[in-house]
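Have a look at the structure below before the remarks.
The values are calculated or read from the model by the stated rules, or taken from the named source; none is laboratory data. Values in this document were obtained by computation on a predicted structure and should not be read as measured data. Cβ atoms come from the backbone with ideal geometry, glycine included; neighbour counts cover every protein chain shown. Quick note on the areas: whole protein, heavy atoms, side chains included, nothing else; ligands and nucleic acids left out. Shrake-Rupley method; radii C 1.70, N 1.55, O 1.52, S 1.80 Å.
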Amino acid sequence: MPLSHLMELQTFRPPSFAVDDIASVHAKAYVSGLEKAMDQASEKGLILIEGSGPTYATSTTFHESLVAAGAGLALVDSVVAASKNQLDPPTAFALIRPPGHHAIPKGPMGFCVFGNVAIAARHAQRVHGLKRVFIIDFDVHHGNGTNDAFLDDPDIFFLSTHQDGSYPGTGKFDEIGIGAGEGATLNLPLPGGSGDTAMRTVFYEVIVPCAQRFKPDIILVSAGYDGHVLDPLASLQFTTGTYYMLASNIKQLAKDLCGGRCVFFLEGGYNLDSLSYSVADSFRAFLGEPSLAAEFDDPAILYEEPSTRVKQAIQRVKHIHSL
């Protein structure tokens, strides 16, 4: 791909600036406690900071987590600036570790330390006046941390597709938000074996009408690539081509609804081959280049999708949310 079309942010605000933004989502006691725990991590080399994931930290985890969150903020700033003088601003992608969507307000969870997407959503509102934020989470696991951060907020719509019954066991159909935020959370658990056909249908029948009705000012994406058929941690059948389709369609959705303002954040992905091919193909989609998924994907390993159960899941979520 022509590198002239790609822009890399070499420098962005020092991570210390991210602390205030992080405090808009996470308890200050958690943030300061994690910073203090780095001394212990220095002595021991590796410490357990949360058991369900399990989630570990080394002596550099606090700094790296600040950098990850700060990168997301810098990309929101860049996309917003570009959208002021371009009809088709570039789509941004934060290639960051650690990921974020499991981190809860009071602590880390599931390999995640700070909620990178949630922090960016509050930043978009607070700094740029982008009141309505639409978050799409297509990681194979439910983004429980993001879900919980905005349960009662009508101005942040959180939409998660994930494998039914997978970690951490949250994200049921009836989790739709509370109070003023009721209806601004949509959870769609997909049956194991769901693949490209299921996700295309979900995109056009659930994601598009939801976004159109919500009328966002910016779209943020928790882009987990662990739904890939080759990923060891789950049993969906997404392909590299599925992720190309999602990247291309979400970019177009942002162009149609919110001036092209869109930032992707890397979440899960545990097969390095399928992860790297799928992320690269997402970039091809952003650049309007043809997919190279056919060079990597092997249709012979796919089996029939559970289409009846997928259809039932989609119908159920459409009924709950009056789509």
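Key figures for this structure:
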| item | result |
| --- | --- |
| Some residue of the range 289-303 being of a type in the set (A, V, I, L, M, F, W, C) and under 26 Å from residue 119 (Cα atoms) | no |
| Residues (open to solvent by less than 40 Å² (accessible area, probe 1.4 Å), touching a Phe, Trp or Tyr at 6+ places or on another chain (Cβ under 8 Å) and in a helix (DSSP H, G or I)) located in the range 260-299 | 274, 275, 278, 279, 281, 282, 285, 286, 293 |
| In the range 178-232, residue nearest to the chain's Cα centre (by Cα) [restricted to those that are open to solvent by 10 Å² or more (accessible area, probe 1.4 Å), within 16 Å of residue 253 (Cα to Cα) and hydrophobic (A, V, I, L, M, F, W, C)] | 208 |
| Residue that is farthest from residue 128 (Cα to Cα), among those in the range 61-87 that are open to solvent by 60 Å² or more (accessible area, probe 1.4 Å) and either modelled with pLDDT of 95 or more or of a type in the set (D, E, K, R) (or both) | 64 |
| Those residues of the range 300-323 which are surrounded by fewer than 14 Cβ atoms within 10 Å (Cβ to Cβ) and part of a loop (DSSP other than H, G, I, E, B), in sequence order | 303, 304, 322 |
| Test for residue 247: is it aliphatic (A, V, I, L, M), touching a Gly at 6+ places or on another chain (Cβ under 6 Å) and assigned to a helix (DSSP H, G or I) | no |
| Residue that is nearest to the chain's Cα centre (by Cα) [pool: residues in the range 258-276 that are within 24 Å of residue 115 (Cβ to Cβ) and of a type in the set (D, E, K, R)] | 267 |
| Pairs, first within 18 Å of residue 69 (Cα to Cα) in the range 242-269, second among the hydroxyl-bearing types (Ser, Thr, Tyr) and open to solvent by less than 10 Å² (accessible area, probe 1.4 Å), C-beta under 6 Å, six or more apart | 265/222; 267/222 |
| Count - residues of the range 34-60 that are surrounded by 13 or more Cβ atoms within 10 Å (Cβ to Cβ) and assigned to a helix (DSSP H, G or I) | 5 |
